[in-house]
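Notes for the one structure printed next.
Derivation of every value follows stated rules applied to the coordinates shown; laboratory data play no part. Owing to the predicted nature of the structure, the values given are computational and were not obtained by experimental measurement. Cβ atoms come from the backbone with ideal geometry, glycine included; neighbour counts cover every protein chain shown.
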Amino acid sequence: MQIHEVIKCHPHEGDVGEGLIFKTNRGDVRSIFHESSNAHKSIIWVCGASGGFRGPAKGLYSELAECFVSSGISSLRMDYRYPNEFPECVLDLLAGITYLKKTGYSPTVLVGHSFGGAVVIAAGAASHHVEGVVALSSQTYGAHMAGLVSPKPILVIHGKSDTRLPYTCGEQIYGWSEQPKTLVLYEDAEHRLEECREDLSDLLTKWIPATLDVTLHT
């Protein structure tokens, strides 16, 4: 998929970040960019099968994206052209990776929830411009390439009370993965991980900067 033009606009939702539209040969991809001045490190965040930007745990994506800006890490929150169409969604994410690479960013960390967990695993396996992968409450369909993410680290997170995708999905993905890999299971957390929001935020604000080799400013 080729990006022909990038259009800047108002954020597609909420009031933080800058809206971007990637004009590609396969259609328009909407994104929200949280730019940190002179940054070379970045994160891409993708949601579940319905698309959108907020992510799990009551909009944790936008909150963390803004948090990381002050520590020299930019964030790109991406929507899908065709939600729930796995190959096309992987292409959307790869386009986002290409955009960051061409604008001077070093390899990025990918974070995806549910359906998006498998999307980031597939893209992480396919692209050399990825530093690490985080799969939140991920489905197993499309995640069978988890072993190909290595030697990039993968963090697999799941709630043990998930009634949509059981935590055994996370265990299966962890089993497919190669080192370096980490599995974190939250005892009372459902699919959207709202019950463990604070712990999840703490974990990601440690794991992502460490993977990007960035010292988080507090």
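3J(HN,Hα) along segment 49-56: 5, 8, x, x, 10, 6, x, x Hz, from the Karplus curve 6.51 cos²θ - 1.76 cosθ + 1.60 with θ = phi - 60°, whole Hz, x for Gly and Pro. Checked against a 30 Å cut-off, the cross-linked pairs K102/K181; K101/K206; K102/K160; K41/K160 give Cα-Cα distances beyond that limit for K102/K160; K41/K160.
Positive-end ranking of P87, Q179, P56 along the dipole of the chain, with charges on Cβ about the Cα centre, is headed by P87. Here the label points at H4 and S70, each 7 Å from Cα along the C-beta direction, are separated by 4.2 nm in the simple model. Neighbour counts of C-beta atoms inside 10 Å place M78, M1 in the sequence M1, M78, starting with the fewest.
Relative to the present Cα-Cα distance, how much length would full extension add between K206 and T163 at 0.36 nm per residue of separation? Don't skip to the end; give the middle numbers.
Numbers: separation 43, 0.36 × 43 = 15.48 nm, distance 2.77 nm.
Once the chain is fully extended between K206 and T163, it gains 12.7 nm.
Give me the dipole magnitude in Debye, nearest 20, for segment 34-212 about the Cα centre, with unit charges on the beta carbon: positive for Lys and Arg, negative for Asp and Glu.
Details: 14 positive and 19 negative charges, 103 e Å.
Its charge dipole is roughly 500 debye.
Hey, fewest Cβ within 10 Å first, where do D202, D79, D92 land in order?
On the way: D202 11, D79 20, D92 27.
Ascending Cβ contact count within 10 Å gives the list D202, D79, D92.
3J(HN,Hα) along segment 69-83, derived from phi through the Karplus expression 6.51 cos²θ - 1.76 cosθ + 1.60 where θ = phi - 60°, amounts to 4, 5, 10, x, 10, 8, 10, 10, 9, 10, 9, 9, 5, 10, x Hz, with x in place of Gly and Pro.
Once backbone amide H atoms are built at 1.01 Å from N, T108 has V130, E131 as its partners under 5 Å, excluding neighbours fewer than 5 places away on the same chain. For H191, the residues whose amide H sits under 5 Å from its own are T163, R164, ignoring neighbours fewer than 5 places away on the same chain, with H placed 1.01 Å from N.
The phi torsions of segment 175-190, fed into the Karplus equation with coefficients 6.51, -1.76 and 1.60 and a -60° offset, translate into couplings of x, 6, 6, 10, 5, x, 9, 9, 10, 10, 10, 9, 4, 10, 8, 8 Hz, rounded to whole numbers, with Gly and Pro shown as x. Full extension of the chain between K23 and A126 gives 34.9 nm of extra length, using 0.36 nm per residue less the Cα-Cα distance.
Of the listed values (i) 1.29; (ii) 0.92; (iii) 1.12, identify the label whose number matches Cα Rg over 2.2 N^0.38 Å calculated from this model. Label of the calculated value: (ii). Springs join every pair of Cα atoms under 10 Å in this Gaussian network model of the chain, and among E35, E66, E187 the largest mean-square fluctuation is at E187.
Over all other residues within a Cβ to Cβ distance under 10 Å of G17, the charged ones net out to -4, with Lys and Arg as +1 and Asp and Glu as -1. Taking A135, A49, A65 as the candidate residues, the one with maximal mean-square fluctuation in a Gaussian network model of the chain, Cα springs under 10 Å, is A49.
Here's the list of aspartates and glutamates a cross-link from K23 could span, going by alpha-carbon distance under 13 Å and ignoring same-chain residues fewer than 8 apart: E5, D92. If you run the Gaussian network model on the chain, springs between alpha carbon atoms under 10 Å, then out of A123, A57, A146 the most flexible one is A57.
If you take every DSSP beta bridge whose two residues both sit in segment 34-212, what share of them, in percent to the nearest 5, is antiparallel? Walk me through the numbers on the way to the answer.
On the way: 1 of 27 bridges.
Here the share of antiparallel DSSP bridges comes out near 5 percent.
Gain in length, E198 to E85, computed as 0.36 nm per residue apart minus the alpha-carbon separation, to one decimal in nm? Could the numbers behind the result be given before it?
Numbers: separation 113, 0.36 × 113 = 40.68 nm, distance 3.13 nm.
Between E198 and E85, full extension yields 37.5 nm more.
Contact order, relative form, for the chain: 16 percent (alpha carbon pairs under 8 Å, 6 or more residues apart, mean separation divided by residue count).
When both segment 16-78 and segment 87-128 are represented by their alpha-carbon centers, they are found 12 Å apart. When you restrict to C-alpha pairs under 8 Å that are six or more residues apart and normalise by the size of segment 84-184, the relative contact order lands at 23 percent.
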